[in-house]
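Below is one structure; the comments refer to it alone.
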Amino acid sequence: MATLSACASPPWPNPNSPNSNPDPNFLPDQSQTLDFDSLMPPQPESPPPHHHHSPDASPPESSPSLPPPSLLYLSFNQDQACFAAAADSGFRIYNCDPFRELFRRDFDGGGIGHVEMLFLCNIFALVGGGPNPQYPPNKVMIWDDHQGHCIGELSFRAAVRGVRLRRDRIIVVVEQKIFVYNFADLKLVHQIETVPNPKGLCAVSQLSDSLVLACPGLHKGQIRVEHYAQKKTKFISAHDSRIACFALTLDGQLIATASTKGTLIRIFDTDHGTLLQEVRRGANTAEICSLAFSSTAQWLAVSSDKGTVHVFSLKKHSNIPELEKTQSSSNSEAAVTLSNSSRSFIKLKGSFFY
């Protein structure tokens, strides 16, 4: 069920308008200090050294301190220029280059389990989460940061596992279904049945002239690809094991997939389902945390629970128009000069979100 709240002023900004003014809160605030560690769960501290006080000395006053928020979810916006961090007290928005916090919204202890940005405009998709959810976990709240409140909501019978945004669509993932809504009026335009999908796996292209959606199919190891412009559905038998992770290029022409084994990454052509390339992450089983194409689809990054990131060079590049390449393409080219091999390897401490 979809509902729009009643407002005196026009409540629904047009996400398709390229001239829509971004939220002034996104302007960099040089006085803010980035404290990404404050989003991580608190670590145990060693007890302070014991000091002897004279009997006449009054004990020092202890001021109550609030525990730091716990990070619940992290996602990049559509052009990877920013990312959003959902916590048990609200959400925060960060700029990638230079790396700094742009702004935050706290909800008096109400947790946000999922936050999705729409490029750099004032519209966000929020789902409640944590020990004290700000919103019910079975609802997607459309938050307008200009107005400072929700202007619409989508309700479901099951808990929401994932949300994806385009300028013209809202995609909501529940355990065994995916719902596609028109952004302008929240009208349901398509629903897809999937295998059990507790991770909320779903990917969508971002170019304005085509809409490609990828999701798990109805069989183990299967990917379903919807080409809405061509009104065509393609099923890809990607792996023998269950699908653990996948990612689309910006234009939706290529898809990278990984199974629960986590040893091989396969790149397919989404139009015909042809296997174009297979790369090996390692010989031992690993949980693939994320896959990410570069803006030109020249490189593929793979992160795992081993605390590592592998970067592979791809044989076939996607034909993304020059005007629609992301702003980070120049940074990607700078990073390429570090290695001319087909694979580079980075060892990281802890988990990594790409």
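Numbers below:
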read-out	value
Subset of segment 187-198 [open to solvent by 80 Å² or more (accessible area, probe 1.4 Å) and either out of contact with any Lys or Arg (no Cβ under 7 Å at 6 or more places or on another chain) or at pLDDT below 95 (or both)]	Lys187, Pro196
Members of segment 236-293 that are under 23 Å from Ser210 (Cβ atoms), open to solvent by less than 20 Å² (accessible area, probe 1.4 Å) and of a type in the set (Ser, Thr, Tyr)	Thr249, Thr257, Thr270
Filtered residue count, segment 243-268, keeping only those that are of a type in the set (D, E, K, R) and either outside the structural domain of Ala292 (by the TED database) or in contact (Cβ under 8 Å) with a residue 40 or more places away in the chain (or both)	1
Those strands (runs of 3 or more DSSP E) lying entirely in segment 63-102 with at least 1 residues of a type outside the set (A, V, I, L, M) and over 14 Å from the mean Cα position of the chain (by Cα)	90-95
Positions within segment 86-122 being closer than 15 Å to Val163 by Cβ and either open to solvent by less than 10 Å² (accessible area, probe 1.4 Å) or hydroxyl-bearing (Ser, Thr, Tyr) (or both), in sequence order	Ala86, Phe91, Ile112, Val115, Met117, Leu118
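This table checks each residue for (1) over 21 Å from the mean Cα position of the chain (by Cα); (2) in the same structural domain as Gly252 (by the TED database); (3) in contact (Cβ under 8 Å) with a residue 60 or more places away in the chain; (4) closer than 30 Å to Thr296 by Cβ.
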position	(1), (2), (3), (4)
Arg161	no, no, no, no
Arg164	no, no, no, yes
Val174	no, no, no, no
Glu193	yes, no, no, no
Ala229	yes, yes, no, yes
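The values are calculated or read from the model by the stated rules, or taken from the named source; none is laboratory data. The structure displayed is predicted, hence computed values, not measured ones. Here the Cβ is made from the backbone with ideal geometry for all residues, glycine too, and neighbour counts use every protein chain on show. These area figures cover heavy atoms from the full protein model, side chains too; ligands, DNA and RNA do not enter into them. Shrake-Rupley method; radii C 1.70, N 1.55, O 1.52, S 1.80 Å.
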